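In what follows, a single structure is set out as structure tokens and then discussed.
Please treat every number below as a calculation from the coordinates, not as lab data. All of these numbers come straight from a predicted model, not from anything done at the bench. In this analysis, Cβ positions are derived from the backbone assuming ideal geometry, glycine residues included, and neighbour counts consider all displayed protein chains.
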Amino acid sequence: MKTTNEVVLLYNINPEKLNKIRFVLVRMGVRNKIITKDMYLQTIGSLAGIKGFEKNQEDYTGEGFTDEMLVMRGFTSKRIDELLRLFRNNNIEKIPLKAILTEHNIQWNSLELYKELKEEHEAMKG
């Protein structure tokens, strides 16, 4: 099986949905990482395994967030389309908060990314 440098970070996904998502990701040769609340202070770059982004030694102990969130690293637009198509074909409910790792958000922690995505999502809903 072909593997890639693609990684998906997964936040707050229920176990049944998580199993379906992981099935799709394994078939695509994409690594995945479950992000737990204590990891929220790590930079997205560190969580995605980018060289040069060191792990923050401090664990997050606050409230956090409960919304599902998905962050993709190393995906082309074609591969994003493929991922979303496979999600639909496998009856995986939409995850409204999705992001691609960028030069801007790579330095952010999960809380900062969540806040930005939530604001964008609310603005798009009107």
Qualifying GluC sites (Glu not before Pro) in region 22-88, DSSP loop, other Cβ atoms within 10 Å at most 15: 54, 58, 63
Given 98/118; 94/125; 51/118; 17/94; 17/37, which pairs have Cα atoms separated by over 21 Å? 51/118
Proportion of all alpha-carbon pairs of region 7-125 beyond 18 Å (%): 50
Taking 0.36 nm per residue of separation between residue 76 and residue 59 and subtracting their Cα-Cα distance, the length gained on full extension comes to 2.9 nm
Region 2-39 residues near the modelled residue 66 label - backbone nitrogen below 14 Å, point 7 Å along Cα→Cβ: 12-14
